[in-house]
Amino acid sequence: MLRVRRTYAGGVSTPSHSALPGTSGRASGPATAPATVLVVDDDRTVAEVVVTYLERAGMRAVHAPDGASALTAFTTESPDLVVLDLMLPDLDGLEVCRRIRTSSDTPVIMLTALGDEVDRVLGLEVGADDYVTKPFSPRELVLRVQSVLRRAAREPADPGAIHQGPVLRDGDLVLDTTAHTAARAGEPLPLTSREFDLLAFLLANPARAFTRAELMEKVWGWSFGDQSTVTVHVRRLREKVEPLPTTPVRLVTIWGVGYRWDRVEATP
């Protein structure tokens with residue numbers, strides 16, 4: 001058991017206690033097929049720790065040390081989720097994610113350097129569903145993985161908080177939460193799954209200010225973690241729904257509080 005906290009060179013901190021989220025060290029409840037997670041990281045020590053924690057949380061973990069083997073494993077293993085390091089020796093994480101997205105919407109969690117917002121934005125642009133910054137706690141990563149898997153299975157952490165009706169409208173925006181499609185002025189709106197959930201939640205709760213912590217809990221299903229992920233997603237969403245993203249009129253900032261959705265047209 002991993003009981004001593006130590007920080008590895010690759011940026012993983014292991015906690016001093018052995019309990020993991022969602023597990024007591026042995027399986028419980030009805031037998032179900034475990035989710036398969038593909039872990040892509042060229043740092044063997046980091047990969048071993050992440051794989052160990054995922055397996056102890058009841059998942060099946062497969063390791064790929066580089067981009068080429070990751071793409072091969074993605075085809076042969078059909079994972080339910082990919083944990084993808086940005087910095088890889090051959091194909092970098094952005095290119096691997098880009099290639100995955102040409103044929104699959106399998107959730108991808110990107111591992112990025114602490115404080116490098118450019119990498120975060122680029123990861124989201126090529127289709128990553130979320131990111132975790134290094135150094136990170138493997139327990140936190142497991143919770144992120146569980147959250148994203150739950151979202152991908154269309155089982156929100158707060159049932160009913162996000163999708164409160166089949167169609168949500170505001171002016172030229174239309175979200176069909178049953179078909180999981182979005183359009184602006186009649187044109188398809190390319191949203192990641194997390195952007196879709198964030199927009200659906202805000203459209204369903206207009207004229208109310210939410211803190212980043214509240215959005216993280218309601219939309220991400222997390223009660224902890226790096227709240228800058230909310231900021232990055234808000235910025236990306238503004239680029240897709242605002243006429244002028246630098247001067248938003250829909251998804252507005254409430255200084256000292258957080259964000260609010262202001263309707264531009266009442267729903268008939």
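The values are calculated or read from the model by the stated rules, or taken from the named source; none is laboratory data. Predicted model only: the values in this text are computed from it and were never measured. Positions of Cβ are generated from backbone atoms using ideal geometry, with glycine treated the same way; all protein chains shown enter the neighbour counts. Calculation scope for accessible area: heavy atoms of the full protein, side chains included, ligands and nucleic acids excluded. Shrake-Rupley method; radii C 1.70, N 1.55, O 1.52, S 1.80 Å.
If you check Arg238, Arg194, Arg260 for being in a helix (DSSP H, G or I) and modelled with pLDDT of 95 or more, only one passes: Arg238. Hey, among the residues in region 43-59 that are in contact with a Gly (Cβ under 6 Å, 6 or more places away or on another chain) and in a loop (DSSP other than H, G, I, E, B), which one's modelled with the lowest pLDDT? It comes out as Asp43.
Considering region 60-122, the qualifying strands (runs of 3 or more DSSP E), each wholly inside and each with 1 or more residues that are β-branched (Val, Ile, Thr) and out of contact with any Leu (no Cβ under 6 Å at 6 or more places or on another chain), run over 81-85, 108-113. Considering only residues in region 154-173 that are at pLDDT 75 or above and open to solvent by 40 Å² or more (accessible area, probe 1.4 Å), the one that is farthest from the chain's Cα centre (by Cα) turns out to be Asp172. Hey, does region 220-228 have a residue that's crowded, with 21+ Cβ neighbours inside 10 Å and part of a helix (DSSP H, G or I)? Checked region 220-228: at least one residue is crowded, with 21+ Cβ neighbours inside 10 Å and part of a helix (DSSP H, G or I).
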